[in-house]
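**Q** Following this message is one structure expressed as structure tokens.
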Amino acid sequence: MKASKETLLWMYEKMQEIRHYEETMAQVYLEGKLPPNIQKGLAFDIGSGPVPGEMHLAAGQEPVAVGVCAHLTDHDTVVGTHRPHHFAIAKGVPLDAMTAEMFGKVTGLGKGKGGHMHLFDPQRNFSCSGIIGASLPPACGAGLAAKKLGKDWVAVAFFGEGAANQGSVHESLNLAALWQLPVIFICEDNKWAISVPKDKATSIEWVADRASAYGMPGIKVEHNDPVAVYEAAGTAVERARRGDGPSLIEVKTDRYLGHFQGDPEVYRPKDEVANLRKNDPILRLAAQLRDAGQMNEAEDAAITARARQRVEDAFAYARASAYPEPRDALQHVFA
Amino acid sequence: MKASKETLLWMYEKMQEIRHYEETMAQVYLEGKLPPNIQKGLAFDIGSGPVPGEMHLAAGQEPVAVGVCAHLTDHDTVVGTHRPHHFAIAKGVPLDAMTAEMFGKVTGLGKGKGGHMHLFDPQRNFSCSGIIGASLPPACGAGLAAKKLGKDWVAVAFFGEGAANQGSVHESLNLAALWQLPVIFICEDNKWAISVPKDKATSIEWVADRASAYGMPGIKVEHNDPVAVYEAAGTAVERARRGDGPSLIEVKTDRYLGHFQGDPEVYRPKDEVANLRKNDPILRLAAQLRDAGQMNEAEDAAITARARQRVEDAFAYARASAYPEPRDALQHVFA
Amino acid sequence: MNSTRKLTMAQAISEAIGQEMERDPTVFVMGEDIGKYGGIFGATGGLLDRFGPDRIMDTPISETAFIGTATGAAAAGMRPIAELMFVDFFGVCMDQIYNHLAKNTYMAGGNLKLPVVLTTAIGGGYNDAAQHSQCLYATFAHMPGLKVVVPSNAYDAKGLMIQAIRDDNPVMFMYHKGIMGLPWMAYYEGSSGEVPEEAYTIPFGEAKVVRPGSDLTIVTLSQMVQKSLLAADELAKQGVNAEVLDLRTLVPLDRAAVLKSVAKTGRLLIADEDYLGFGLTGEIAAIVAENLDTVALKSPIKRLAVPNVPIPYSRPLEQFVIPQISHIVDAAQQIMKTRVTEGAYA
Amino acid sequence: MNSTRKLTMAQAISEAIGQEMERDPTVFVMGEDIGKYGGIFGATGGLLDRFGPDRIMDTPISETAFIGTATGAAAAGMRPIAELMFVDFFGVCMDQIYNHLAKNTYMAGGNLKLPVVLTTAIGGGYNDAAQHSQCLYATFAHMPGLKVVVPSNAYDAKGLMIQAIRDDNPVMFMYHKGIMGLPWMAYYEGSSGEVPEEAYTIPFGEAKVVRPGSDLTIVTLSQMVQKSLLAADELAKQGVNAEVLDLRTLVPLDRAAVLKSVAKTGRLLIADEDYLGFGLTGEIAAIVAENLDTVALKSPIKRLAVPNVPIPYSRPLEQFVIPQISHIVDAAQQIMKTRVTEGAYA
Ligand SMILES: Cc1ncc(C[n+]2csc(CCOP(=O)(O)OP(=O)(O)O)c2C)c(N)n1
Ligand SMILES: Cc1ncc(C[n+]2csc(CCOP(=O)(O)OP(=O)(O)O)c2C)c(N)n1
Ligand SMILES: [Mg+2]
Ligand SMILES: [Mg+2]
């Protein structure tokens, strides 16, 4: 499946949006967290500032999100991970409500109850979880529901290469293959699970090679490239929509930032990120679009400006929104 | 690795012992459980009689237990399943204390606290569990300990084909392969997980084919034959003792009885068991030994008598033993 | 026209599921051996024949996968019922139950409905030992986000099951094996009984006085209700008039019913088959202890439960740790003999 | 010669582990990011450099496998320490913890020793939301077979950790993130302190009066000890003299210390960061309610804990559900104003 010009431009714009989102968040996240405005003796205070708590950013990992979500509609389900922004943005989750959620505001997706690892947008069938390996079982459920309801909806579960060794992954791959569910499993290999590199965690090189253990196709995307992801995902999504069952895709990608913001990254070779950034997929797609005459400089500038503006607007919206009332904490345990 | 005459005779005798054990237990288990000595209206009462509770018997599955355990010493660890007798007997767990445990007697392996699914013999490094898929992680631990202690001990985890879809299996296979642990994983495929046949539970035909997902050898034993098991296990045990890491072996075997005693087996084709029994591995090994001139009729009779006598003695011992004092229930939560 | 027949609790449960499946095509059942086998404890007996394998789905032994599948299917508009064969197996799938099914609605700010019923078997008494005999309802009740239903008889079980299936939230439906009325396990006769054929619901959070009394309150649930009623008969012979309160649901918990009964009797025995420590008995005792400004106790509270040991296999051991009728009688008599100290007004 | 320095709780824990590893070659550590990273909460800081990757083992994200591995290695003669990064993740591995590690000794009739220490981070207060902020110690204490240690400060943490490693039984060692003294998270100063260099042990099951008082008893643990001490200072200014009791271990639980203190003060506040229902606060309240024949209460018991909701993310919401110093002060003052009813002697 070849990407049309529209798709390429959509992917490009979404990648710009994601990147700007993550870079903005990286800055905003620091607000209020540094000396001298924190407890004496601390270098950083995770619980302070407008966006407290953990913060896992996906700068560098845009291709996997846009290449997959380019094939999806609102009816299709995406279940993301603890590092969920790129998936959410690519899936079309409204930036305002998503950002407000991370600011803990009542206008947030979860009225401030969920936070950054728990973004729920039932209208667009997006959710995520802070538990490693937990994205796969509910994606099977969405796939099963589609089948039972006679729809051609598909479900996508993203998970990291570190997650690949969780029991939930195995159980879900087997169940999906057994029941021929319309699910696409995407392993996002960014080489690291916090401080643990893939080869210290996984006994074989490619997680995609585990597909044969379930009798489903295993597809390898060897480069952090949105077009390659788009093509691989296209085959898998079509297959699922046709009723021919699940696929497992592994995508090599790059984590530019720490595992979470504030990560000292003592475990990481000093020059690793600089080298990775030389291969920035956004710059490469821009060059490709320009070379192919599909985007001129003015168009590029317009796209980039639009994408950035959406991000700025979302952060402004989040800042301007009100906090929930403390007592609201008691609501919504049950629907 | 060819089985010596001594090994063949040992396997034969152990298989006789196991079979007689299971058949005896099948009878004893019924004592006190049938009308008219139970609550009116019941067909059977699981909580009555000298051996109450669930009872999973392994008649027909002797080959996998003896073919593997023939390679092991007391130092090697075996972790069995909810259907543990054949493993325990082949591993050399004392029949007296094991049987007394199932009678709930103070002379039992666990002083009556464990019961049939929880047989612990630390001296012979045998244990088991009533939880499906739970045998693999502790076997990894035994393997890791051997490695740390600089010993050539190995650990064996048995599990059923139904267990193969538990997350614990995946995590353990990966860990053992990653750390090159001296563990042998044996999947005992008796076709059924209670009422669910393998093809309704597992998305591929052979569990052994999942070995490649971990980069370890996967070995298929296609017949319910102790010699074939012995040879496959020999390779894997040698490999593990050499420090070359784990293996996964799958053995086709046959469950002659219900999942547990009292199972109405409504799910099972009427003639299945009769057909399976035509291929009884004990009769086949006897014929083989006789044909090869390794056992004459008198020897066979002596072996059979010895094996049966041990079983009779164990049940007599169990019956004659005392129950624990009720208050003893409060002891041994902690060592 | 209300017609009733005598059903076992297992029959009542499967009837409730069947009726709701007929009413609502989005209801379906997943679990191990729930199809041809009809559920190891009969909770889905006969349903496969009526509804076929697309709606009565045997699963692989993959509790994490299929319970997570229930969550995902519920989010997508279905109303799954998933069976965890024994509650004791919760540890292989608790993350999906507890971090996801139970919390997602809250984390979504109420914007997500997850109508899932998890059925599971609880309880001992038939020597199934430490990994197959627990109740563990306090573990589920401790953690917010799950409604917890623990019926004591067929009538309640049907009404509570229909209520559970129609609830837009996750419900743990925990049935004690020893009151299911199975043909292969002894059970308390009182747990079977007349059940209307028609569908009906019983609201959650309403405890029931199953035996009125004046001398002491026995707060209890599940199989222990049946034991407590027999103990109350014995106590009556001994001149003690016990009130027996069946909690029926732990979440929501009918605190008012506990306080009302104890205000009347002034004495409280809690009879429970879960572990003693950090569980149900503590919670019920605390409810009274928090309200001593309005509720007066004549005697210290007493708690009966499994004394913080795993369930042992051997019959004399198991009978010792699981509260029996005689233990209830003895504990009640001890309560009658003890008085709170007057030092309270020092 | 006893020499002391000021250590954070994280430093005290890693020092204890290091000293025991030197003393005993069978001790080793497994877990996620415990090597180069030194543990996300610093509990294994510096140990990789000293002991190398064979004894400080980073694991795959496979909690079931590596905790089960700890059990198996312990049965074979090792003394593993395994870290579950956040207690909130227990649901992916609870079966290995609870059905095996905790029960095997009992099921083996005492013939099996499983000296495993499970370390895990608990607690909220820094907006890590519903899957990373819980305490859940009551869940582990409810189930027999695990010792449960919950230190409140560096000195105790070192002594209790050495005790845990030398214990022949499974021990859950639960450290609250907000008292670890991390350079990246606010913490209560009182949790860092002078710690002897030498190895020492603190026996399990001995609660500690960390502040003597006469008007009311605050039973508490972990970070809530630090909050309670600050609340007690405030209460003292308001004329209320609170005694603060640090439980230190939940299993074994020092029931006598609770009763002794309440017998003295006649008033009890339980300050807890776990969920309110079916948990620690109920257990402590019940211990008193069971002993009202010898212990006299002047006021009804009060319980402070997370009010049966998941931990919300947003700061005002989280601050509302997790008991704060001001909540403790308010609750204590309410206790001082309420009296038990005299109806008890009707
Ligand atoms: C069950 C579970 N175990 C451990 C963690 C802690 N944890 C959070 S992120 C992470 C690493 C995940 O690595 P990977 O799956 O590769 O995703 P990435 O962070 O690289 O996106 C770990 C161990 C968790 N959240 N859940
Ligand atoms: C985690 C868990 N889930 C379910 C069960 C209930 N159960 C006991 S035995 C069994 C079937 C096991 O099948 P298999 O692994 O093939 O072993 P077999 O009984 O054939 O020996 C099941 C589902 C259990 N004990 N543990
Ligand atoms: Mg990764
Ligand atoms: Mg089987």
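Taken together, the values in this text are just the output of simple stated rules run on the coordinates, not laboratory data. Treat the numbers as computed from the prediction; the structure is a model and nothing was measured. Here Cβ is always computed from backbone atoms with ideal geometry, including for glycine, and neighbour counts include all displayed protein chains.
**Q** Can you name every residue in the stretch D:306-346 that is more than 20 Å from C:Leu292 (Cβ to Cβ) and assigned to a loop (DSSP other than H, G, I, E, B)?
**A** D:Pro307, D:Asn308, D:Val309, D:Pro310, D:Ile311, D:Pro312, D:Tyr313, D:Ser314, D:Ile322, D:Pro323, D:Gln324, listed by residue number.
**Q** Let me ask you something else. Residues A:Arg319, A:Arg310: which one is within 22 Å of A:Gln61 (Cβ to Cβ), outside any loop (DSSP other than H, G, I, E, B) and under 26 Å from the mean Cα position of the chain (by Cα)?
**A** Of A:Arg319, A:Arg310, the one residue that is within 22 Å of A:Gln61 (Cβ to Cβ), outside any loop (DSSP other than H, G, I, E, B) and under 26 Å from the mean Cα position of the chain (by Cα) is A:Arg310.
**Q** What single numbered condition from (1) touching a His at 6+ places or on another chain (Cβ under 9 Å); (2) within 14 Å of chain B (Cβ to nearest Cβ); (3) within 16 Å of ligand 1 (Cβ to nearest atom) fails to hold for A:Trp206?
**A** (1)
**Q** Might you let me know whether the stretch C:166-183 holds any residue that is farther than 22 Å from C:Val29 by Cα, in a helix (DSSP H, G or I), away from chain D (no Cβ under 14 Å) and small (Gly, Ala, Ser)?
**A** Scanning the stretch C:166-183, I find at least one residue that is farther than 22 Å from C:Val29 by Cα, in a helix (DSSP H, G or I), away from chain D (no Cβ under 14 Å) and small (Gly, Ala, Ser), so the answer is yes.
One line per residue, one yes/no per condition, for (1) of a type in the set (Ser, Thr, Tyr); (2) more than 12 Å from chain B (Cβ to nearest Cβ):
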{"position": "D:Met21", "(1), (2)": "no, yes"}
{"position": "D:Thr44", "(1), (2)": "yes, yes"}
{"position": "D:Leu47", "(1), (2)": "no, yes"}
{"position": "D:Met57", "(1), (2)": "no, no"}
{"position": "D:Asp95", "(1), (2)": "no, no"}
{"position": "D:His100", "(1), (2)": "no, no"}
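**Q** Of the conditions (1) at positive phi; (2) within 14 Å of chain C (Cβ to nearest Cβ), A:Gly293 fails just one. Which one is it?
**A** (2)
**Q** Additional query: Out of all the residues in the stretch C:109-138, which are under 12 Å from the mean Cα position of the chain (by Cα) and among the β-branched types (Val, Ile, Thr)?
**A** Result: C:Thr119, C:Thr120, C:Ile122.
**Q** Please give the number of the condition A:Ser212 fails out of (1) over 16 Å from the mean Cα position of the chain (by Cα); (2) over 20 Å from C:Phe66 (Cβ atoms); (3) in contact (Cβ under 8 Å) with a residue 12 or more places away in the chain; (4) away from ligand 3 (no atom under 13 Å from the Cβ).
**A** Of the numbered conditions (1) over 16 Å from the mean Cα position of the chain (by Cα); (2) over 20 Å from C:Phe66 (Cβ atoms); (3) in contact (Cβ under 8 Å) with a residue 12 or more places away in the chain; (4) away from ligand 3 (no atom under 13 Å from the Cβ), the odd one out for A:Ser212 is (3).
**Q** Have a look at B:Glu188, B:Glu171 and point out the one that is surrounded by 22 or more Cβ atoms within 10 Å (Cβ to Cβ), among the charged types (D, E, K, R), more than 10 Å from chain A (Cβ to nearest Cβ) and away from ligand 3 (no atom under 16 Å from the Cβ).
**A** Only one candidate passes the filter, namely B:Glu188.
**Q** Filter the stretch B:191-245 for residues that are more than 28 Å from A:Val207 (Cβ to Cβ), in contact with a strand residue (DSSP E or B) (Cβ under 7 Å, 6 or more places away or on another chain) and of a type in the set (D, E, K, R); which is surrounded by the fewest Cβ atoms within 10 Å (Cβ to Cβ)?
**A** Within the stretch B:191-245, the match that is surrounded by the fewest Cβ atoms within 10 Å (Cβ to Cβ) is B:Glu222.
**Q** For the structure I just gave you, tell me whether B:Asp152 is away from every other protein chain (no Cβ under 12 Å) and either in contact (Cβ under 8 Å) with a residue 24 or more places away in the chain or surrounded by fewer than 24 Cβ atoms within 10 Å (Cβ to Cβ) (or both).
**A** Spelling it out, B:Asp152 is indeed away from every other protein chain (no Cβ under 12 Å) and either in contact (Cβ under 8 Å) with a residue 24 or more places away in the chain or surrounded by fewer than 24 Cβ atoms within 10 Å (Cβ to Cβ) (or both).
**Q** Further, regarding this structure: Hey, C:Gly91 hits all of (1) at the interface with chain A (Cβ under 7 Å from one of its Cβ atoms); (2) of a type outside the set (A, V, I, L, M); (3) farther than 18 Å from C:Asn169 by Cβ but one; which does it fall short on?
**A** (1) is the only condition that C:Gly91 fails.
**Q** Filter the stretch A:156-168 down to residues that are in contact with a helix residue (DSSP H, G or I) (Cβ under 9 Å, 6 or more places away or on another chain) and more than 7 Å from every other protein chain (Cβ to nearest Cβ) and give me whichever is farthest from ligand 1 (Cβ to nearest atom).
**A** A:Val156
**Q** Could you list, in sequence order, all residues of the stretch B:245-271 that are touching a Ser or Thr at 6+ places or on another chain (Cβ under 9 Å) and of a type in the set (Phe, Trp, Tyr)?
**A** Residue satisfying the conditions is B:Tyr267 alone.
**Q** Taking helices (runs of 4 or more DSSP H) that fall entirely within the stretch B:42-148, which contain at least 3 residues that are within 12 Å of another protein chain (Cβ to nearest Cβ) and surrounded by 23 or more Cβ atoms within 10 Å (Cβ to Cβ)?
**A** The qualifying helices (runs of 4 or more DSSP H) are B:95-102.
**Q** Given the conditions (1) assigned to a helix (DSSP H, G or I); (2) in contact with a Phe, Trp or Tyr (Cβ under 6 Å, 6 or more places away or on another chain), report the number of the one that A:Ala298 does not fulfil.
**A** (2)
**Q** Can you name the condition, by its number, that C:Gly266 falls short on among (1) surrounded by fewer than 24 Cβ atoms within 10 Å (Cβ to Cβ); (2) away from every other protein chain (no Cβ under 14 Å); (3) at positive phi?
**A** (2)
**Q** Still on this model: In the stretch C:227-271, what residues are under 20 Å from C:Val329 (Cα atoms), of a type in the set (Val, Ile, Thr) and part of a strand (DSSP E or B)?
**A** Selection gives C:Val244, C:Ile270.
**Q** Are any residues in the stretch B:185-229 among the acidic types (Asp, Glu) and more than 16 Å from ligand 2 (Cβ to nearest atom), and if so, which ones?
**A** Hits for the stretch B:185-229 are B:Asp209, B:Glu222, B:Asp225.
**Q** Give me the strands (runs of 3 or more DSSP E) completely within the stretch A:153-270, filtered to those with at least 2 residues that are within 16 Å of ligand 4 (Cβ to nearest atom), ordered by residue number.
**A** By residue number, no strands (runs of 3 or more DSSP E) qualify.
**Q** A further question on this structure: Out of the stretch C:130-159, which residues are over 26 Å from A:Lys113 (Cα atoms), in a helix (DSSP H, G or I) and within 14 Å of chain D (Cβ to nearest Cβ)?
**A** Residue satisfying the conditions is C:Tyr137 alone.
**Q** Taking the stretch C:281-305, which residues are at the interface with another protein chain (Cβ under 7 Å from one of its Cβ atoms) and outside any loop (DSSP other than H, G, I, E, B)?
**A** C:Thr281, C:Gly282, C:Glu283, C:Ala285, C:Ala286, C:Val288, C:Ala289, C:Lys302, C:Arg303
**Q** How about the stretch D:90-114: which of its residues are buried (at least 24 other Cβ atoms within 10 Å of the Cβ) and in contact (Cβ under 8 Å) with a residue 40 or more places away in the chain?
**A** D:Phe90, D:Ile97, D:Tyr98, D:Leu101, D:Ala102, D:Lys103, D:Thr105, D:Leu114
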